[in-house]
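Peer 1: Handing you this structure, nothing more for now.
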Amino acid sequence: MGIEFKKEGNACERCHKLDTDVGKMTHYKNHELDELLCQDCIKEIDDYYSLKCSKCGKPAHLRGNLIEYENEKICTICMDEINMKKIIKEEQKQERKNFMKSNWAKWITFGLTVTGIIVALLAIGI
Ligand SMILES: [Zn+2]
Ligand SMILES: [Zn+2]
């Protein structure tokens, strides 16, 4: 029965469909592959390998999968870079805010001290 099944036709090594169902099989030897594949699978593989990150232009398969970001498809590495920049920007903003706050606190303390001294001097004068 096993032999009979094999004689039925060639099956795609990827989706396992038979050439009697999906049509001609092609021996695909691109991208370090060496498989008998149906046209659908070949198209899928070609599409996959032709995808490029719209930011760094590197082929997507070398840089992980593509992520949709602001209407562009970018690789995970570019996404990481964007996230890092965002975090750094956020930190800088936070630092600036803290700096302003600590300055205010300093001026208020200074002001209160000066006022205190003046009040003390006035009290002594009276
Ligand atoms: Zn297939
Ligand atoms: Zn990229």
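Peer 1: Taking the options 101, 85, 89, 93, name whichever one is in a helix (DSSP H, G or I), at pLDDT below 90 and either away from ligand 1 (no atom under 16 Å from the Cβ) or under 30 Å from residue 30 (Cα atoms) (or both).
Peer 2: 101
Peer 1: Still on this structure, please answer the following. Look at residue 61 and say whether it is surrounded by 10 or more Cβ atoms within 10 Å (Cβ to Cβ) and in a helix (DSSP H, G or I).
Peer 2: Against the criterion (surrounded by 10 or more Cβ atoms within 10 Å (Cβ to Cβ) and in a helix (DSSP H, G or I)), residue 61 qualifies.
Peer 1: What number of residues within region 11-36 satisfy the criterion of being of a type in the set (Ser, Thr, Tyr) and outside any strand (DSSP E or B)?
Peer 2: Count: 1.
Peer 1: Could you list, in sequence order, all residues of region 45-96 that are near ligand 2 (Cβ under 9 Å from one of its atoms), without any contact (Cβ under 8 Å) to a residue 12 or more places away in the chain and of a type outside the set (D, E, K, R)?
Peer 2: Correct list: 57 only.
Peer 1: Here's another thing I want to ask about it. Confirm whether residue 52 is at pLDDT 90 or above, within 30 Å of residue 17 (Cβ to Cβ) and surrounded by 14 or more Cβ atoms within 10 Å (Cβ to Cβ).
Peer 2: Yes.
Peer 1: Is it true that residue 93 is among the basic types (Lys, Arg) and surrounded by 13 or more Cβ atoms within 10 Å (Cβ to Cβ)?
Peer 2: no
Peer 1: Sticking with this one: Name the one entry in 13, 8, 4 that is of a type in the set (Asp, Glu) and modelled with pLDDT of 95 or more.
Peer 2: After ruling out the rest, the residue left standing is 13.
Peer 1: From (1) at positive phi; (2) charged (D, E, K, R); (3) surrounded by 14 or more Cβ atoms within 10 Å (Cβ to Cβ), pick out the condition that doesn't hold for residue 73.
Peer 2: Here residue 73 meets the rest and fails (1).
The values are calculated or read from the model by the stated rules, or taken from the named source; none is laboratory data. Keep in mind that what you see is a predicted model, and the values were worked out from it rather than measured. Note: ideal-geometry Cβ built from the backbone for every residue, glycine included; neighbour counts use all protein chains shown.
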